[in-house]
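The values are calculated or read from the model by the stated rules, or taken from the named source; none is laboratory data. These numbers come from a predicted model, not from an experiment. Neighbour counts run over all protein chains shown; Cβ positions are idealised from the backbone, glycine included. These accessible areas exclude ligands, DNA and RNA; they are computed on the full protein's heavy atoms, side chains included. Shrake-Rupley method; radii C 1.70, N 1.55, O 1.52, S 1.80 Å.
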Amino acid sequence: MIRNIIYLLMLIVLSATASAQQPTITVGTKLDYKFFLYGQTVAIGMTVKSARDSVQLDWNLRGLATGSYLVSKEGFQNGSKLNFVQPAASSVLRLADDETFAVISKNAFSALKKDGKFVYNQTTYVLKDDGAEAVFKAGDRKLDVLHVMGVEEHGELWILNDPQFPLICQVKNNPVGINYTIVAIK
C-alpha cells in the first residue's frame with residue numbers, strides 16, 4: 001500500500017515537472033501562431049531553420065504560401081526594432097541589421113533581465129510584475145515568459161524567458177495593428 005502511494009506521488013511530481021518544462025528553441029522547432037490583423041485571424045506556422053548566430057524562420061500559411069524571415073547575426077545580437085512587414089511568398093525577407101522578427105535581440109533581453117526594461121522601436125518596454133496569477137500557455141504547455149508593457153506606446157509583449165532565443169510569444173495592443181499569439185511549440 002505504501003509503495004503504491006509512493007509510486008503515485010512520484011508519478012504526480014514527474015508529470016507536474018514535465019508540464020512546466022521550458023521548451024528549448026532549436027533548429028527544427030515548429031511554432032504555430034495566430035496573427036490578428038485588421039479584424040482578420042490568420043494561422044501561420046513557422047519552422048526554425050537557424051537559431052544560433054542568426055535566425056531563419058520559414059513560414060507557412062496553410063500550405064498556400066511559404067517564405068522565410070532572416071534575422072542577421074548583428075540583428076539577433078543587437079537589434080532594436082521589430083519588423084512587421086508581410087513577406088512576399090516564395091522569398092526570403094532579409095531584415096536590416098537593426099531588425100528582428102518574432103524575437104527580441106539578445107542585448108535587449110539582457111537589458112530586460114538586468115534593468116527591468118529595454119528599448120525597441122523607440123519605445124521603452126518595462127517589465128510588469130504579474131505575479132503568480134499570470135500564467136501564459138501555448139496549448140496546454142505552461143511557458144515561463146516575461147511580460148512587458150510599452151511606456152510611450154501601450155503595446156504589450158510576452159517574451160520567452162530564454163537568453164539564447166528570446167521568442168516573442170504574444171504581441172497585444174500593437175500600435176501598427178498587428179497582434180499575434182503562439183498556440184503551440186513543437
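Restricting the stretch 120-133 to residues that are out of contact with any Lys or Arg (no Cβ under 8 Å at 6 or more places or on another chain) and not β-branched (Val, Ile, Thr), the residue that is most open to solvent (accessible area, probe 1.4 Å) is GLN122. Among the candidates LEU57, LEU70, LEU112, LEU93, which residue alone is in a helix (DSSP H, G or I), among the aliphatic types (A, V, I, L, M), touching a residue at least 24 places away in the same chain (Cβ under 8 Å) and within 21 Å of ILE182 (Cβ to Cβ)? LEU112 is the lone residue from the list that is in a helix (DSSP H, G or I), among the aliphatic types (A, V, I, L, M), touching a residue at least 24 places away in the same chain (Cβ under 8 Å) and within 21 Å of ILE182 (Cβ to Cβ).
Conditions tested, residue by residue: (1) in contact with a helix residue (DSSP H, G or I) (Cβ under 8 Å, 6 or more places away or on another chain); (2) modelled with pLDDT of 95 or more; (3) exposed (fewer than 15 other Cβ atoms within 10 Å of the Cβ).
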site: GLN40; (1), (2), (3): no, no, yes
site: ILE44; (1), (2), (3): no, yes, no
site: THR47; (1), (2), (3): no, yes, no
site: SER80; (1), (2), (3): yes, yes, no
site: PRO87; (1), (2), (3): no, no, no
site: THR100; (1), (2), (3): yes, yes, no
site: PHE109; (1), (2), (3): no, yes, no
site: LYS113; (1), (2), (3): no, yes, yes
site: PHE118; (1), (2), (3): yes, yes, no
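Can you tell me how many residues within the stretch 129-155 are touching a strand residue (DSSP E or B) at 6+ places or on another chain (Cβ under 9 Å) and either on the phi > 0 side of the Ramachandran plot or in contact (Cβ under 8 Å) with a residue 24 or more places away in the chain (or both)? The total comes to 16.
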